[in-house]
Amino acid sequence: MLKNVAAVLLDGVHPFELGVVCEVFGIDRSDEGLPVYDFAVVSAEGEALSTHVGGLTVSTPYGLERLEEADLIAVPAGSDYVTREYPPALLDALVRAVQRGTRVLSVCSGVFVLGAAGLLDGRRCSVHWRQAKELAVRNPRAIIEPDVLYVDEDPVITSAGTAAGIDACLHIVRKEQGPEVANKIARRMVVPPHRDGGQAQYIERPLPKAPCDTVGEVLVWMEEHLDREVTVEQLAARAHLAPRTFARRFQQETGTTPYRWILRQRVLLAQQLLEGTDETVDAIASRTGFGTAAALRHQFVRAVGTTPNAYRRAFRGPEAA
């Protein structure tokens with residue numbers, strides 16, 4: 001049973017990510033019949049720590065020895081966590097914790113601390129989508145899932161950027177104390193107990209602008225006519241090439257196939273229309289070349305990880321859906 005929680009900090013800790021852990025595990029809600037955790041903020045680098053907010057510091061009397069009694073150790077994000085060196089004593093403490101069955105949780109860039117301790121090797125993990133490539137470079141044995149909000153590879157739990165830490169914390173509560181407890185805490189925090197979709201809906205992913213000597217003009221035409229059904233043969237004719245030659249050149253110059261290129265462009269246009277217009281899903285399906293709302297939904301869920309209506313609610317509020 002989860003009873004003892006410690007959040008371990010380094011210099012440059014981000015207050016919001018620390019606050020997420022404190023909000024879920026550090027507040028006494030016994031008046032509502034909710035569990036009270038023995039919670040402590042622990043420093044790995046002295047009693048006073050700076051934050052990335054000007055003038056704000058965090059001080060605590062607890063050192064790394066406090067981690068030895070924790071059932072859960074949380075590592076919030078911090079400035080320069082991607083590139084900095086970490087105290088060997090902290091890395092050793094995290095390894096010992098996992099070996100004795102203690103859970104460790106990272107929030108956003110806190111995952112780099114777990115990586116430095118070797119705790120990501122052979123494990124699936126999540127990270128903020130902007131840091132996924134760097135995490136892969138530094139942890140080649142990690143199995144990175146950049147599209148999800150969190151990954152539970154018990155006893156190692158990793159979460160993506162900022163608010164995904166809330167999702168991961170509530171997941172741990174739900175797992176340990178059941179959905180009723182997690183739902184009550186979520187209501188107190190005025191957040192959903194579980195969010196639809198994953199990180200994919202928040203990632204900015206325009207297609208790369210690569211030099212396209214052969215198919216450049218065709219790409220412009222395709223982008224301007226996303227509502228049309230086209231074949232490779234038709235596109236090849238526009239490029240004055242044989243279909244096989246066109247397909248080969250297209251792959252060489254764009255890194256993908258014509259079908260995948262136009263499919264991604266259609267999804268991007270659908271995202272823009274869902275965010276910026278009041279058009280119905282049926283109308284958007286027609287404008288983007290999917291034809292029907294069902295076809296749009298199918299491809300949208302595959303690419304973005306959530307439905308068109310849920311995506312619109314996430315970016316425009318519930319009244320927009």
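Provide Ser106, Ser79 ordered by accessible surface of protein heavy atoms (probe 1.4 Å), highest first.
Numbers: Ser106 0, Ser79 40 Å².
Order by accessible area, largest first: Ser79, Ser106.
Can you give me the % of accessible surface on region 4-189 that is carbon or sulfur? Probe 1.4 Å, all protein chains present, nothing else counted.
Numbers: 3790 of 7590 Å².
Taking all protein chains in place, region 4-189 shows 50 percent carbon and sulfur surface.
If I take every Cα pair under 8 Å that is 6 or more residues apart in region 4-189, average their sequence separation and divide by the length, what percent do I get for the relative contact order?
On the way: 391 pairs, mean separation 36.5, N = 186.
Once divided by the residue count of region 4-189, the mean separation gives 20 percent.
Under a 1.4 Å probe, what is the accessible area of region 4-189 per residue, stated in Å²?
Values: 7590 Å² over 186 residues.
Result: 41 Å² per residue.
Using heavy-atom solvent-accessible surface (probe 1.4 Å) with all chains present, what is the largest-first order of Trp261, Trp221, Trp129? Provide the component values of the computation, followed by the final result.
Details: Trp261 20, Trp221 45, Trp129 70 Å².
My answer, sorted largest first, is Trp129, Trp221, Trp261.
If amide hydrogens are placed 1.01 Å from N in the peptide plane, which non-local residues have theirs closer than 5 Å to the one on Gly291?
When sequence neighbours closer than 5 places are left aside, the close amide H contacts are Ser286.
Where the eigenvalues come from the Cα gyration tensor of the chain, what are the semi-axes √(5λ) of the equivalent ellipsoid, largest first, in whole Å?
44, 24, 16
For His52, His128, write out the residues from largest to smallest accessible area, computed with a 1.4 angstrom probe and no ligands counted. Provide the component values of the computation, followed by the final result.
Details: His52 100, His128 40 Å².
Result of the area sort, largest leading: His52, His128.
Grab the chain and count how many Lys pairs have their alpha-carbon atoms under 20 Å apart, sequence gap of 8 or more, or different chains.
On the way: Lys3/Lys175; Lys3/Lys184; Lys133/Lys209; Lys175/Lys184.
Value for the chain: 4.
Calculate the FRET efficiency for Ser79 and Glu275 from the Cβ-Cβ distance with a Förster distance of 35 Å, rounded to the nearest 0.05. Display every interim value, and only then the final one.
Values: r = 30 Å, r/R0 = 0.86.
According to the calculation, E is roughly 0.70.
How many percent of the accessible area of region 215-316 is carbon or sulfur, using a 1.4 Å probe? Please list the in-between numbers first.
Values: 2640 of 5500 Å².
That share works out to 48 percent.
From the phi of every residue in region 147-159, what ³J(HN,Hα) in whole Hz does the Karplus formula 6.51 cos²θ - 1.76 cosθ + 1.60 yield, where θ is phi - 60° and glycine or proline is x?
9, 9, 7, 7, 10, 9, 10, 2, x, 9, 10, 10, 10
In the full protein assembly as shown, how much of Glu180 is accessible to a 1.4 Å probe, in Å² to the nearest 10?
120
Let me know the volume per residue of the alpha-carbon convex hull for region 215-316, in Å³.
On the way: hull volume 9.5 nm³, N = 102.
Once divided by residue count, the hull of region 215-316 is 93 Å³.
If you count the DSSP beta bridges with both ends in region 4-189, what percent of them are antiparallel, to the nearest 5?
On the way: 8 of 29 bridges.
Restricted to region 4-189, the bridges split so that about 30 percent are antiparallel.
In a Debye calculation with equal point scatterers on the alpha-carbon sites of region 56-128 and no solvent, what is log10 I(q)/I(0) at q = 0.27 Å⁻¹?
-1.50
Would you be so kind as to identify which of Val58, Phe25, Val41 lies farthest towards the positive end of the dipole of region 16-66, taking Lys and Arg as +1 and Asp and Glu as -1 on Cβ and the Cα centre as origin?
Val58
Rounded, prolate or oblate, given the Cα gyration tensor of region 4-189, with a/c below 1.5 counting as rounded?
Working: a/c = 1.44, a/b = 1.18, b/c = 1.22.
It comes out rounded by the Cα gyration axes.
Counting only heavy atoms of the protein chains, get the accessible area per residue of region 238-305 (1.4 Å probe) and round it to a whole Å² value. Mind dumping the intermediate values first?
Numbers: 3680 Å² over 68 residues.
I get 54 Å² per residue for this part.
Quick check: pseudo-label points 7 Å beyond the Cα along Cα→Cβ at Ala242 and His225, how many nm apart are they?
Inter-label distance under the simple model: 2.4 nm.
Using only alpha carbon pairs under 8 Å that are at least six residues apart, calculate the relative contact order of region 18-74 and give it in whole percent. Walk me through the numbers before you get to the answer.
Values: 54 pairs, mean separation 14.4, N = 57.
Computed over region 18-74, the figure is 25 percent.
Relative contact order of the chain, please, whole-number percent, based on alpha carbon pairs below 8 angstrom and at least 6 residues apart. Intermediate values should be presented prior to the final figure.
On the way: 551 pairs, mean separation 38.0, N = 321.
After rounding, I find 12 percent.
The values are calculated or read from the model by the stated rules, or taken from the named source; none is laboratory data. Bear in mind the structure is a predicted one, so any value in this text is a computation, not a measurement. Counting neighbours? That spans all protein chains shown, and the Cβs are built from the backbone with ideal geometry, glycine included. Just the protein is used for accessible areas: all its heavy atoms, side chains included, with ligands, DNA and RNA removed. Shrake-Rupley method; radii C 1.70, N 1.55, O 1.52, S 1.80 Å.
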